[in-house]
Amino acid sequence: MRSRDGVGYVAVALVVAPVVAGGLYSAAASFGLAGAGATGFSVARISAVLTDPSTWRSVMWTLCIAGTATIIATVAAMLVGVRVQGSRVGQWLATASLAVPHIAASLAALTLLGQSGLLSRLAFAAGLTSQPADFPAMVYDRRGVALIVAFAWKEFPFLVLTAVAVLATRNAHLTEVAHTHGADARAVMRRITMPLLWRGIAPAVIAAFAYLIGQYEMAVVLAPSDPLPLSVLTYERAVDSNLAHRGEAHVLGFLALLLTGALVLWHERSRRVAERTLL
Amino acid sequence: MITSPSAITERHSRSGTPASRPLLVGLAFVSLSPVLLLALRATGAAWRYPAILPSQRGVDALIAGLRGPTLVQALGTSVLLAAMTGVLGTAFGFVAGRALVRATASVRRFAAVAAFLPVVAPPIALGVGVQVLALRAGVGGGLTGVLLAHLVPAAGYLTLYFLGVLGAYDLSMEDEARTLGATPWQCFIRVTLPTLRPRLIEALLLGALVSWGQLALTLLVGGGVVRTLPVELLAFVRAGDDRLGAAAAIVLTILPALALSMLQRGAKRTGAVT
């Protein structure tokens with residue numbers, strides 16, 4: 001068994017090697033030990049990034065937008081999941097948008113929600129506005145409405161799929177017992193189905209949130225230039241013509257990897273809780 | 001009031017409300033209208049504000065644009081990268097999955113957590129490190145470097161996929177074939193491949209899909225030299241050419257739509273989807 005474990009460990013090592021190697025390189029570059037403009041061990045790069053207000057504006061804005069979109073997608077997926085669990089057509093319709101790549105979805109959001117987009121034209125036709133500028137800015141705007149809508153739209157099908165899978169494997173005995181004790185359908189939904197569904201779907205919600213924090217394809221098309229989403233800020237630093245700024249990209253990348261690592265651990269803990277609850 | 005359990009089971013076999021017609025219409029609108037909007041934008045030659053619909057239909061000009069060298073080359077590069085990522089990612093995930101299902105439960109649990117990291121790690125954060133490694137290896141700014149970068153998340157996805165698939169696979173069939181004198185190669189060709197063929201095809205599609213929509217890793221490691229369909233789409237959007245951008249978006253959506261319908265059909269055949 002020990003030699004089989006050895007092969008297993010080698011397989012794991014190969015899967016995570018690029019992430020670990022990239023993370024270690026970014027850590028070394030963060031301390032000025034590697035990369036363009038390396039000056040020897042120094043905390044100057046880390047200090048420059050962490051004391052720059054634009055970094056924290058970017059981090060907080062990214063967390064808020066990703067968090068809001070995750071909450072919207074989760075609530076919608078839970079409500080829709082319980083209603084389409086027995087309907088193939090419903091499940092197909094709810095998950096059809098999985099096929100649309102993120103960059104394509106971002107262009108659709110731009111065409112729909114931009115100030116000269118379809119909604120703005122409909123508002124003009126209804127006599128609510130007289131020019132594009134009268135329509136509320138949702139794209140490139142600090143409130144990030146278009147980005148939240150696009151994020152939620154893309155995460156919704158993934159969470160519906162998870163919700164349907166959780167509902168299919170839940171312990172039906174609890175529902176039977178509740179009905180036996182006189183609980184009506186609404187009480188069963190509120191007290192049993194939804195809490196169980198939430199515990200089962202929680203790992204996927206954490207994964208969706210982690211994914212949205214680093215999402216680039218939609219952010220680069222729909223987000224404002226100030227504050228920049230973390231992924232766009234990191235990319236801009238990575239390709240900056242000023243070599244000193246490229247080191248800052250490693251600091252930002254390393255921070256993002258640490259954040260992701262924490263979310264992966266949270267995801268694992270949540271998954272184990274869900275397994276214990278649902279079995 | 002006490003009700004008999006069998007009656008309850010019959011009545012409440014699904015505690016959810018059945019999908020109503022308004023819900024289905026709403027889902028159809030939410031899921032499909034953005035794609036229809038892209039199709040409308042792609043075929044509308046002129047769509048000036050405040051017109052609600054394009055005033056001129058320009059399919060001919062659109063086809064000419066799609067046949068242009070930029071999009072054709074980008075499509076070729078994307079297909080090549082997706083195919084290579086699918087094949088190599090599947091080979092890697094299969095080998096890793098086989099090694100892991102034979103390992104102890106604690107190693108499998110650790111592997112599942114570890115393989116999840118490249119799946120959710122932000123591509124930009126991943127790309128910043130991978131870009132330097134690719135440059136050091138002499139493959140940065142080229143197709144090989146981008147392929148290796150796409151393989152990082154794909155290997156994570158496919159290792160997780162094969163951990164699930166091979167966990168339910170009966171390895172004793174292979175052991176019996178070996179007992180009857182089959183060589184490891186014969187055993188792989190005559191037992192493993194035929195049994196797992198549908199799962200391997202699904203894995204190829206999954207790996208290809210991971211590569212198909214990648215933008216951040218392609219931009220960082222490809223340095224703007226490797227022009228895939230997502231890279232060209234972004235260039236169209238930035239240049240204000242929404243029409244060609246929408247056409248590229250439709251082309252970009254067709255392959256995943258076909259792949260997902262194949263995956264769903266396969267899942268239904270095997271009973272994975274009810």
For chain B, just say rounded, prolate or oblate: build the C-alpha gyration tensor, square-root its eigenvalues into a ≥ b ≥ c, call rounded for a/c under 1.5, and beyond that prolate if a/b exceeds b/c, oblate if not. oblate
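To the nearest 0.05, what FRET efficiency results for B:LEU53 and A:VAL75 with a Förster distance of 51 Å applied to their C-beta separation?
For R0 = 51 Å, the calculated efficiency reads 0.95.
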Kirkwood-based shape ratio for the protein assembly as shown, expressed as Rg/Rh from alpha carbons: 0.98
Determine the sum of side-chain charges near B:TYR157: Lys and Arg each +1, Asp and Glu each -1, restricted to other residues whose C-beta is under 15 angstrom from that of B:TYR157. 0
Taking the alpha-carbon centroid of each part, what is the distance from the stretch A:128-188 to the stretch B:59-125 in angstrom? 28 Å
Rg and Dmax in Å for the stretch A:1-150, alpha carbons only: what are they? 23.6, 74
For labels at A:TYR140 and A:TRP266 in the simple 7 Å Cα→Cβ model, what's the distance in nm? 3.3 nm
Sum of side-chain charges, A:ALA29 neighbourhood, beta-carbon under 12 Å (Lys, Arg +1; Asp, Glu -1): +2
Express the Stokes-Einstein translational diffusion coefficient of the stretch B:15-122 in µm² s⁻¹, to the nearest whole number, given a Kirkwood radius over alpha-carbon pairs, 37 °C and a viscosity of 0.692 mPa s. 168 µm²/s
Among A:THR169, A:THR55, A:THR234, the residue with the largest mean-square fluctuation in a Gaussian network model of chain A built from Cα contacts under 10 Å is A:THR169
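FYI, it's all coordinate maths here, none of it is from the lab. Just so we're clear, the structure is a prediction, and the values are computed from it rather than from any experiment. Backbone-built Cβ (ideal geometry, glycine too); neighbour counts: all protein chains shown.
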